[in-house]
There are 4 protein chains.
Amino acid sequence: MKKVDLNCDMGESFGHHKLGMDEEVIRYISSANVGCGFHGGDPHVMRKTVMMAKENGVGVGAHPGLPDLLGFGRRHMDVTPQELEDFFVYQIGALKGFCDAAGIRLQHVKAHGVLSGLAEKDLRMAEAICRAISMIDKDILWLTYFGTKTREIAESMGLGVMAEFYADRAYNAERLLVPRNQAGAVIHDVAEIQKRILQLVNEGTVTTIDGQVLDMSCQSICVHGDTPGALEMVQKIRSSLEAHDIAITPLSEL
Amino acid sequence: MKKVDLNCDMGESFGHHKLGMDEEVIRYISSANVGCGFHGGDPHVMRKTVMMAKENGVGVGAHPGLPDLLGFGRRHMDVTPQELEDFFVYQIGALKGFCDAAGIRLQHVKAHGVLSGLAEKDLRMAEAICRAISMIDKDILWLTYFGTKTREIAESMGLGVMAEFYADRAYNAERLLVPRNQAGAVIHDVAEIQKRILQLVNEGTVTTIDGQVLDMSCQSICVHGDTPGALEMVQKIRSSLEAHDIAITPLSEL
Amino acid sequence: MKKVDLNCDMGESFGHHKLGMDEEVIRYISSANVGCGFHGGDPHVMRKTVMMAKENGVGVGAHPGLPDLLGFGRRHMDVTPQELEDFFVYQIGALKGFCDAAGIRLQHVKAHGVLSGLAEKDLRMAEAICRAISMIDKDILWLTYFGTKTREIAESMGLGVMAEFYADRAYNAERLLVPRNQAGAVIHDVAEIQKRILQLVNEGTVTTIDGQVLDMSCQSICVHGDTPGALEMVQKIRSSLEAHDIAITPLSEL
Amino acid sequence: MKKVDLNCDMGESFGHHKLGMDEEVIRYISSANVGCGFHGGDPHVMRKTVMMAKENGVGVGAHPGLPDLLGFGRRHMDVTPQELEDFFVYQIGALKGFCDAAGIRLQHVKAHGVLSGLAEKDLRMAEAICRAISMIDKDILWLTYFGTKTREIAESMGLGVMAEFYADRAYNAERLLVPRNQAGAVIHDVAEIQKRILQLVNEGTVTTIDGQVLDMSCQSICVHGDTPGALEMVQKIRSSLEAHDIAITPLSEL
């Protein structure tokens, strides 16, 4: 039976501010990327999200971001690789504290916001992220974009890498995401999204924005939980996978 | 050979702001209480302090505080036991991340600022602290005031407790610190401080402000690193202990 | 024609986190209490809220809170009167900056969260708040609970005070709010709330929880914009006032 | 009698963290650039610094920075012109609150850290800064680098601009600062610094790193208060000016 992971950002509420429909969405996914307090999330939200993931059999990942609560970690800040490594060790450690407290393991780490793209563009940043993870625990997986060079970096440090697929985003011939400001960059049609996911899981390919069919090996599909219609979309993605006998499975069990 | 631990608060610098003489003081102590970013400290300072402790054979402790950088964790905030537990899990986890990265173990936890006193006054807070520590790792020691009830709470959770002695502070007949605003509360005379430490280590007693000699079993002496004259005081305390054949030893090796 | 002000907390969104239905509610009120960045609000939200108030002819007030974004300014912190004064000068000044930029005047100041109650209990805090306001501009009004002593403090500094009425909260015989944890403390029935407001405006009285009819002179009714049903409640309160020929008027025009 | 202003960054302490020798340096300067809480400074420090400036007859300026306390406003963050404008309105307003409370006027605004350079490189940012100042009060001066284009922007908005001279930094043929990482960029010799200041004030010229003598019209000299030797340097600069009958005068009185 084929398997795929569904990952979703969670635990980004802060204090009095509630964000997303975590309680509903968590029932349909298999891995949660949990905010660690820098771009979103706070200690109470982290505890609740980890417990909720445990109760739903969902794998827990740390989702470290830049120290910019106001900008939600979505704007670039000049940080050195050493600073980025420190931010990751701090945030991964904090979330691991809640995992230890809950008696579960920390499954993975996914970089938040501008940091995923930064790791693609500046390999010193990818190295910093991999160092942070591997120094804490080499069994923690790194969930990131599909990319050859970053994979090499991680594997050279003995780290497992999982690639994620953005089913609602067009890819170009370099297998990179088409920037949001270009026509056709974002796919809204549910049937199209379902089709792209099935193609990825069953055939290991993606059809690019210019019509090429390229190999793409991804273990996880990134879904969303904080936009209007998000819950319905996740439900439909899950139904479609189940209807095609594909098991939705946490990263650590793939 | 008799042994005692010397503990000191460290790693409370923040960003551009340097606090204390950590680099000098660390050569004379055996355990460091490291700020975890809420009242002081930041991820970079935490990494450097943990590495410095490792290089000097000094035991590393987490020093969690209230989320009040402006007030340095020294003013009371109304928090619930659950909130306090979450603050501790987060901060202990974050510092443990740096310990894991450095390949050393996290030796102890000491509550910062108003929180130590709070745990004495409100046993639900002591329970919250003990829960946070024991859920993460029962082998992490709790370093706190000499107190019967808090000891019982910790031991009932299978947690090791270490008591610390304030050599420069007067104690009353209840073995509690005389409040700073009372005459004689703070002891400045080095010879007197040295004498009180030797009495504690050799005889297991303290002479109270009203002249009683009471039993007091403490494994650690709290010293300071951020006041004028602090470094010289620590050096003299260390010299005095060594001159009396008392080994200065991290908590975990007592 | 009788007049009354309707005031509502606004501008408490922060970064990516949206709070309340400010855009809708502002069309029904006459004064807005705008978050100033300590408990909620940020510079961008402040600008937008001030502009929105200007466009709707709504009086702008500063709504300073404790420096506790995580706790939304709702939990007690030990601060001195001088510290509170400084927090108010800073936040009032910041909001006044946006009023100056928009070419409107800052109409009033209302203390947020635990601070209103604190000013009632500890008159040194009321003095600190009044000092902050009067040092910046004696023409800025202080909007607060109905209270004799605080009024005296403000008036002794040459400051105008406006009292607000909580139509959905029961009052006791001391004209204080019945604590939320007591039965009957919160009134949910719209007709009852409308009746209480009309009684206040037309007769200058409130019926206490134990049935007494007491004099109460309030110039403003506090309404809410961040709970389910809030918008509908505000609309009904406004309709009821208009149906009884009571003009909804900003504090500065009363 | 010739006049020149001496400006110095001040009020960058935060909470428990003391920065610089403000109490000493303020006796030798004529204008203070006061931190506003984003990169440094807090409401208490702001009040004390404004009062200290008032007592010493020193002009008060706002010194707004990026919202990055950890990075001290010294690292680039991607912000839009609108965001920068909002950050400036907020911080200028907050400091103006303390000036109003002290009964003095806010003399000037100087952008902190990376922001001064940013305004030179990206004129939309210079416009945003000028908009923020002029919307609050057109009589507040903008203190910035010597630059033709930024001057035009400010003057087109009816804003007064004052240029500052870095006596301890080499200039290139474009009248720009030689980057710190180039040889000769920083001048340490006191006599040389004194000579450059006298040349600027008396002749209105600077000698560039490659030996050209260029016109440069600056009304203020930037001095430092937070480095070893800073106080002595400021004293010597002041003595040298006084010995040459040059009056040290706040910007607003030039």
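Quick check: from the Cα gyration tensor, does segment D:174-254 come out rounded (a/c under 1.5), prolate or oblate?
Oblate is the answer for segment D:174-254, as a/c is 1.5 or above yet b/c matches or exceeds a/b.
Quick check for me: using +1 on Lys/Arg Cβ and -1 on Asp/Glu Cβ, what's the dipole size of the protein assembly as shown about its Cα centre, in debye to the nearest 20?
0 debye
Just want to confirm a number: the relative contact order over segment A:2-253, from Cα pairs under 8 angstrom separated by 6+ residues, in percent.
Values: 505 pairs, mean separation 57.6, N = 252.
About 23 percent, as a whole number.
Carbon and sulfur atoms: what percent of the 1.4 Å accessible area of segment C:2-253 do they account for?
Its accessible area is 50 percent carbon and sulfur atoms.
In whole percent, what relative contact order does segment C:1-148 give with Cα contacts below 8 Å and a gap of six or more residues? Don't skip to the end; give the middle numbers.
On the way: 258 pairs, mean separation 30.8, N = 148.
Relative contact order, segment C:1-148: 21 percent.
Output, in nm with one decimal and in ascending order, the distances from the residue B:56 label point to the matching label points of the other copies (7 Å from Cα along Cα-to-Cβ).
3.5, 4.7, 5.8
May I ask for the net charge around residue D:44, where only other residues with Cβ less than 15 Å from the Cβ of residue D:44 are counted and Lys, Arg are +1 while Asp, Glu are -1?
Summing Lys/Arg as +1 and Asp/Glu as -1 gives -3.
Would you please give the FRET efficiency between residue A:203 and residue D:78, computed as 1/(1 + (r/R0)^6) with r the Cβ-Cβ distance and R0 = 45 Å, to the nearest 0.05?
Calculated value: 0.70.
Return the long-range amide H neighbours of residue A:221 (sequence gap of 5 or more, or a different chain), with a cut-off of under 5 Å between placed amide H atoms.
Amide H neighbours of residue A:221, under 5 Å, 5+ apart: A:5, A:6, A:7, A:165.
Give the lysines reachable from residue B:2 as a straight Cα distance under 22 Å; neighbours fewer than 8 places away on the same chain don't count.
Filter leaves B:195, B:236.
Inter-copy label distances at residue B:160, 7 Å along the Cα→beta-carbon direction, one decimal in nm, shortest first?
3.3, 6.8, 6.9
Taking each label point as 7 Å beyond Cα in the direction of the beta carbon, state the distances from residue B:214 to the same residue in the other copies, shortest first, in nm.
4.7, 7.4, 7.4
Take the alpha carbon gyration tensor of the protein assembly as shown, find the square roots of its eigenvalues, order them as a ≥ b ≥ c, and report rounded if a/c is under 1.5; if not, report prolate when a/b exceeds b/c, else oblate.
Taking the square roots of the gyration eigenvalues as a ≥ b ≥ c, the protein assembly as shown is rounded.
Heavy atoms only, 1.4 Å probe, whole protein assembly: order D:1, B:46, D:135 by accessible area, highest first.
Of D:1, B:46, D:135, the descending order of accessible area is D:1, D:135, B:46.
Amide H neighbours of residue B:62 under 5 Å, at least 5 residues apart or on other chains, H built in the peptide plane: list them.
B:34, B:108, B:109, B:110
Could you state the per residue volume, in Å³, of the convex hull enclosing the Cα atoms of chain D?
In chain D, the Cα hull volume divided by residue count equals 120 Å³.
Applying the Karplus parametrisation 6.51 cos²θ - 1.76 cosθ + 1.60 with θ = phi - 60° to the phi angles of segment B:108-121, what ³J(HN,Hα) value in whole Hz is obtained for each residue in order, glycine and proline being reported as x?
8, 10, 10, 6, 8, x, 5, 6, 4, x, 4, 5, 6, 7
Roughly how many whole Å is it from the C-alpha centroid of segment D:86-131 to that of segment D:169-206?
Computed from Cα coordinates, the inter-centre distance equals 26 Å.
Starting from the amide H of residue A:20, placed 1.01 Å from N in the peptide plane, find each other amide H under 5 Å away whose residue is 5 or more places distant or on another chain.
Result for residue A:20 returns nothing.
Chains D and C: how much accessible area gets covered up at their contact, both sides added, probe 1.4 Å, in Å² to the nearest hundred?
1900 Å²
Can you tell me which of A:104-114, D:219-229 comes out highest on packing, and rank the rest after it, using the mean Cβ neighbours within 10 Å?
Working: A:104-114: 23.4, D:219-229: 18.5.
Ranked by mean Cβ neighbours within 10 Å, highest first: A:104-114, D:219-229.
Please calculate how many Å² of accessible area segment D:99-193 carries per residue, with a 1.4 Å probe and no DNA, RNA or ligand atoms counted.
43 Å²
With Cβ to Cβ distances under 13 Å as the rule, what net charge do the other residues near residue D:93 carry (K, R +1; D, E -1)?
-3
Which shape class applies to segment C:1-122: rounded if a/c is under 1.5, otherwise prolate when a/b exceeds b/c and oblate if not, where a ≥ b ≥ c are the square roots of the Cα gyration tensor eigenvalues? Before the final figure, lay out each step's value.
Values: a/c = 1.62, a/b = 1.42, b/c = 1.14.
Verdict is prolate for segment C:1-122.
Beyond 19 Å, what share of the Cα-Cα pairs of segment C:120-199 is found? Please give it as a whole percent.
That tail contains 47 percent of the Cα-Cα pairs.
Leaving out same-chain residues fewer than 8 places away, which lysines sit with a Cα under 18 Å from that of residue A:48?
The reachable lysines, counting only those whose Cα sits under 18 Å from residue A:48, are A:18, A:96.
For the rotation that brings chain C onto chain A, whose beta-carbon in chain C is nearest the axis, and what is that distance in whole angstrom?
Axis relating chain C to chain A; nearest Cβ residue and distance: C:17, 2.
Can you list the HN-Hα couplings for segment B:193-202, worked out from phi with the Karplus curve (6.51, -1.76, 1.60; θ = phi - 60°), rounded to whole Hz and with x for Gly and Pro?
Rounded to whole hertz, the list is 5, 4, 4, 5, 5, 4, 4, 4, 6, 7.
The values are calculated or read from the model by the stated rules, or taken from the named source; none is laboratory data. Small disclaimer: the values here were computed from a predicted structure and weren't measured. Every residue, glycine among them, receives a Cβ derived from its backbone with ideal geometry; neighbour counts consider all protein chains shown. Note: areas computed on protein heavy atoms with side chains; ligands, DNA, RNA excluded. Shrake-Rupley method; radii C 1.70, N 1.55, O 1.52, S 1.80 Å.
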